[in-house]
Amino acid sequence: MKQPYLKKTTEKKTIEKKAYNKMTLLKKRITNKITTFNKILLAFLSFIPLMSFGQIDFESYLRLRTLSRQVQDSDQRTFSSDQSFRLKGSLRPSEIFETHFWLLSYTFFGEDSKNPADFIKLYGFGKWFFTKELSLRMGRVPYETSFHQIMSSNFEEPYPYVFDGLFINYSSRLINLDAFGAYMPNPYIGATKQTSLKYGAGIFLDIYSVSEFLNHVNLHLVYLWDSLSQTTSQTTSQKTTRYGIAIDGNLTNLNLDYKLIGIAHGSGFKFKSDQNMYHTELAYSQLEWSGSRFFVGYHSDTENYNPWFYDRYKNAGLLNLFFWGNLTYFYVGYEASFANLFDFKLIFHNMSSTNSGNIRFAPQGFALRPTDSSIEDKEILEAGTLLGREIDVSFSKKINKEFELNLVLGVFISSPSTEDLFKEASPYTSIKLTGIYEF
């Protein structure tokens, strides 16, 4: 029989052992939690260099436009206004990587849309630097070439043209090389709708400072294939190749500068002589006369030529009545900057058809929000048919470092062969006022 004090001692030791075990277990749990926390903390800290924004740059762009179209001998007048906002940012967390994004908002006044996807777009891409000259871009990219007659983002549209794909770039003082593969929107509709996805792969090569009178050469080769009829169960496939060369330069002693561009298409890799375009311009500058520049140019493209992503707002007149594709025109103009008060430009176009066949035109002229319904085809029976003449005058005033005003006045006088093309009588007149605020 155990003694009472031995029983108490045994119970005490048992209680102490249980308490010790509980304390040990608690310590282990706390230690495990701390270790887990440390692991999470360590992992978080290891990602801080990747999460660090590094160098941050932002640019904002706000554009307000008002357009008025008036008919001769009529009190009728149409007005439309819109607003476009663009926030552009870039983050560079390291020397080898940076990311770019565009947040775009577009509003056509008088139209109420409750779906944010109708008026807000987000574009972005990442850029990796392998060396100082060699880089890789991947994502949704507004893409432009050095000649807007070849490819442009068309920022006059509610949303610019964008490519979804991969771009490899090599850039140095003398050359710039871009190789890409991408999805592309329908160039006739722009980025407001995408009824057919185009797939493309190509190379653009720019060579600079070639010689004393040849400043710049652009060579490009693009292979395109697409699905033209995605709205039906039957899909038609088309393959096209673009070959192009463009040069510009100046003759300093004569105060002359020039530009020559030639583009041809092929079916697959087979060259087609009936699908081509050439564009030329010659200008004389006199800086002593308020920076005056006199210029003359000539453009011609065939009916089957696909103008692709050219800048339609800087070509074939500021009213944008006619599209490239069976269009020939010559133009003369003058531009100057008067005593830093305002910039002035006057330009005259004489337009005609290149071949017999269809021409593409916009019966409403320049539209703030162009859609596919604003573009029509018209058959022209004879090659060289006069379409009309256009005179444009533009004024641009820089109010301060951030704010700028632009005013464009245009008049188009149709020919007997095109009087029935436009819903308004001839002459067709248009006035556009644009305010741009960049900060």
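Close contacts from the range 216-230, counting a first residue that is under 18 Å from Phe163 (Cα atoms) and of a type in the set (Val, Ile, Thr) and a second that is modelled with pLDDT of 80 or more and surrounded by 14 or more Cβ atoms within 10 Å (Cβ to Cβ), with Cβ to Cβ under 6 Å and a gap of 6+ residues or different chains, come to Val222/Gly200; Val222/Gly202; Val222/Arg242. Taken over the range 115-169, the residue count meeting the criterion of being within 16 Å of the chain's Cα centre (by Cα) and of a type in the set (Phe, Trp, Tyr) is 9. Is it true that Asp301 is out of contact with any strand residue (DSSP E or B) (no Cβ under 9 Å at 6 or more places or on another chain) and at pLDDT 85 or above? Against the criterion (out of contact with any strand residue (DSSP E or B) (no Cβ under 9 Å at 6 or more places or on another chain) and at pLDDT 85 or above), Asp301 does not qualify. With a requirement of 3 or more residues that are within 25 Å of the chain's Cα centre (by Cα) and either buried (at least 17 other Cβ atoms within 10 Å of the Cβ) or among the basic types (Lys, Arg) (or both), the strands (runs of 3 or more DSSP E) lying completely within the range 241-351 that satisfy it span 256-267, 270-286, 292-301.
Scanning the range 146-160 for residues that are crowded, with 19+ Cβ neighbours inside 10 Å and either touching a helix residue (DSSP H, G or I) at 6+ places or on another chain (Cβ under 8 Å) or within 21 Å of Tyr243 (Cα to Cα) (or both) gives Phe147, Gln149, Ile150, Met151, Ser152, Ser153. In contact with a strand residue (DSSP E or B) (Cβ under 9 Å, 6 or more places away or on another chain) and at positive phi - does that describe any residue in the range 128-146? The answer is yes; a qualifying residue exists.
The values are calculated or read from the model by the stated rules, or taken from the named source; none is laboratory data. Nothing here was measured: the structure is a model prediction, and the numbers come from that model. When we count neighbours, we look across all protein chains shown, and the Cβ atoms used for this are built from the backbone with ideal geometry, even at glycine.
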